[in-house]
Structures are given as C-alpha cells and as structure tokens.
C-alpha cells in the first residue's frame, strides 16, 4: 500500500493539471475570438465571470446532493473531465458569438466543480500523513493547468485558436483516463456529512472561522482578477515601453510560477504554521498591487521579476487558507463550511472582475490594479486577530529581543 501511494500522488497531480487546464482555455485565445466574432473588450470579464459562476453552481449542487459521497470520486472526476472537455470543444464545434461562448464557458465551469475539489478528496483518501503538502502540490497543479493554455498560444501567433481548444480538450481526456485506470479509491476515503446550509450561519458566529474566511475572501478579490487581466497588463507595458514581449508566454510564466508558492508554502507551514505563511504571502501580494503603477516606469528585467514575485505570492496562500478553514470549522460541518466559503470566494471574483472591467475604461491598465488593494487589506485586517493568537511567531518576544 505504501509503495502504491508513492506513485498515486503524481498521477493525481497530472490529472488535476490536465483537468484544470480547461479553466482559462478560452482566455488564452480571446484575441483570436474577438477578431473572428467581433467581440468587444468586455468579453474578457464576461467570459471569465461565466466560468466562475458555473463553478459556483456546480460546487453547490455537488455538495447538496453529496455526489462524491454517493459515487466513487474517481468516477466523478472521470465523467466531469470528459464532459468538461466536450463543453470546451463545443466552443469550436457550435459557438459563433458571445452568448454561445458564455454558455459553453458556464458549462465548463460547472464540470470543473467535479475536477478541482474532487481531486482534493481523492488525494485525502490516500494521504493521512502529509496531506497539507499533498494539497500544496494539487493547488500547484491547478495553477499550472490554469496557465497552460497561454503556453500553447505562446508558441506563435500562427497557432490557431481552434488548435489550442482541441489540444486542451484532448489532454483533459487523457488525464481523465489516467485517474480512472491508475488511481483506485484510497484506504482513507471517508463519507462526508450531508451538505448543511446552516454552516453559513456558523461562519459568522465562530470568531476563528470568520477571521480566516474573511481573510480568504480578501485573497480571492485579487487572485482571479490578476490572472484574467495579466495579459492586458503585459501588453500595456510592452506598448508603453516599446518592448517586444511574448504576452502569452509571460502570462503563462507568471501564473504557473505560483505553483512554487503553493509547494514552498506547504512545506514552510509545517514549521511556521499556516497562519504565518498565509499572512506573509497575502501581505506581499497586497504590496505588489499597491506598487503596480510603478511597473510602467521600470526596466523590463524589473518588470518581469516583479510579476514573477507577484505570481508566487498571489496564490501561495490559497492552500493555507483552505487548511485554516478546515481546522477552524466544527468537525461535523467541515465539508459544508469549505463549500460555502469557497462559493462565496468565487462569487467575489466575479464582482472584482466585473468592477475591474468597468474601471479600466476610465483609469487604464496602469492604475487598474490599485483597485485590488482593498482585498488584501480586508483579508489581512480580518486574519490579524487569528494570526496573533495562533502564529508560531511570538511578536512580543521579538520586540523584547530588540
């Protein structure tokens, strides 16, 4: 059993990567779709929000009907990966404008609810010890999968958008097959309790759960908006500085490098604790938002280095927030609390993306990321009381040692 578990995690990681590559597939080819279908600039926010709304809907429905408890989670993962691949392929086969694009993006988001969270549950069924590190790798796989469509597009402008979509759908099917054939249900697979909407009330009654949940909400205000508008930021810098930058390639690099933040943060949490890691990474990410206008006056080396740092920090705290929510929720409501908090977090991304899309018409790409600053500030302010009580750092001792 121990020998098998050594190769189980790599297979889950690969399958998670291939499945979540569906998330931003259309974002990477949006420029081509805008030319082919005459889509406006607002298509970016509508399209990204559509997949987010689909994910929220799928998460709540899957939780309410306890889908991954009633059926083997690897079967659920397999079916959702197949259906997600088909809905992504539908953009190539049947879509011809904004409305049909949004419908297929919503459906893809819905089935992502059976890929990302269910992949976590499959891993939890195999790893009791070191689960935190395993989750770090899985979120890292999500990050690289999210960035992967940009990498496909970066190989050259001659790569047609339909080739990118076909490739993403194909690798998602391969990942689904790997999960089905190579990852049996784990020995620690547990049945969750039925979804309990009362957990929503618990979030606001429990001081610790409220603290870490609101910290997570602040993190989500920034995360997906940065990812969605990153190509806009890089393109604007290239135009302002006269630099020739491969926008899809650098978008891939900045998003994908976030996997290091997840993995390294997972290892550091074993020594420093999740509150310390989450607080530090959210702080640095917020500072990056605040300093973003100065990027347009920086040399290209500093610009790229800054974005790489931002990419590492903006997602690295995500696994730690998930761990903190699980730790602070009542044991009988952990699954429901995670579902509700995650759903609220993704709904916040829709608000942030739509607001950014509206404001960019008035302030332009240079200043638009300043409007993400309130997210980290709100998150840090709410996380601070929990951080003070549970951080492995003794701040009073540090002051005395000075």
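The values are calculated or read from the model by the stated rules, or taken from the named source; none is laboratory data. Model, not experiment: these values are computed from the prediction. All Cβ positions, even for glycine, are placed from backbone atoms using ideal geometry, and neighbour counts span all protein chains on display.
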Point to revise | Condition check for residue 9: touching a helix residue (DSSP H, G or I) at 6+ places or on another chain (Cβ under 7 Å), crowded, with 22+ Cβ neighbours inside 10 Å and in the same structural domain as residue 146 (by TED's automatic domain parsing) | key: no
Check your understanding: When you look at residue 41, is it at pLDDT below 90 and over 25 Å from residue 184 (Cα atoms), yes or no?
Key -> yes
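Condition check ((1) modelled with pLDDT of 90 or more; (2) touching a strand residue (DSSP E or B) at 6+ places or on another chain (Cβ under 8 Å); (3) farther than 21 Å from residue 88 by Cα; (4) surrounded by 16 or more Cβ atoms within 10 Å (Cβ to Cβ)) across all residues:
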{"site": "164", "(1), (2), (3), (4)": "yes, no, no, yes"}
{"site": "168", "(1), (2), (3), (4)": "yes, no, no, yes"}
{"site": "180", "(1), (2), (3), (4)": "yes, no, no, yes"}
{"site": "203", "(1), (2), (3), (4)": "no, no, yes, yes"}
{"site": "212", "(1), (2), (3), (4)": "yes, no, yes, yes"}
{"site": "234", "(1), (2), (3), (4)": "yes, no, yes, yes"}
Check your understanding: So which of 53, 33, 39 is within 17 Å of residue 100 (Cα to Cα), part of a loop (DSSP other than H, G, I, E, B) and touching a residue at least 24 places away in the same chain (Cβ under 8 Å)?
Key -> 39
Check your understanding: If residue 280 satisfies every condition in (1) more than 27 Å from residue 24 (Cα to Cα); (2) touching a residue at least 40 places away in the same chain (Cβ under 8 Å) but one, which is the exception?
Key -> (2)
Check your understanding: Just one of 128, 133 is at pLDDT below 85, in contact with a helix residue (DSSP H, G or I) (Cβ under 7 Å, 6 or more places away or on another chain) and outside the structural domain of residue 223 (by TED's automatic domain parsing); which is it?
Key -> 133
Exercise for review: With the condition kept exactly as written, say whether any residue in region 273-280 is modelled with pLDDT of 95 or more and either more than 21 Å from residue 116 (Cβ to Cβ) or not in a helix (DSSP H, G or I) (or both).
Suggested key: yes
**Study point:** Those helices (runs of 4 or more DSSP H) lying entirely in region 61-165 with at least 3 residues under 25 Å from residue 277 (Cβ atoms)
**Key:** 116-124, 131-154
Practice item. State whether one or more residues within region 182-196 are surrounded by fewer than 24 Cβ atoms within 10 Å (Cβ to Cβ), without any contact (Cβ under 8 Å) to a residue 60 or more places away in the chain and on the phi < 0 side of the Ramachandran plot. Key: no
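Residues checked against (1) surrounded by 19 or more Cβ atoms within 10 Å (Cβ to Cβ); (2) farther than 23 Å from residue 48 by Cα; (3) modelled with pLDDT of 95 or more:
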| residue | (1), (2), (3) |
| --- | --- |
| 292 | yes, no, yes |
| 308 | no, no, yes |
| 317 | yes, no, no |
| 340 | yes, no, no |
| 349 | yes, no, yes |
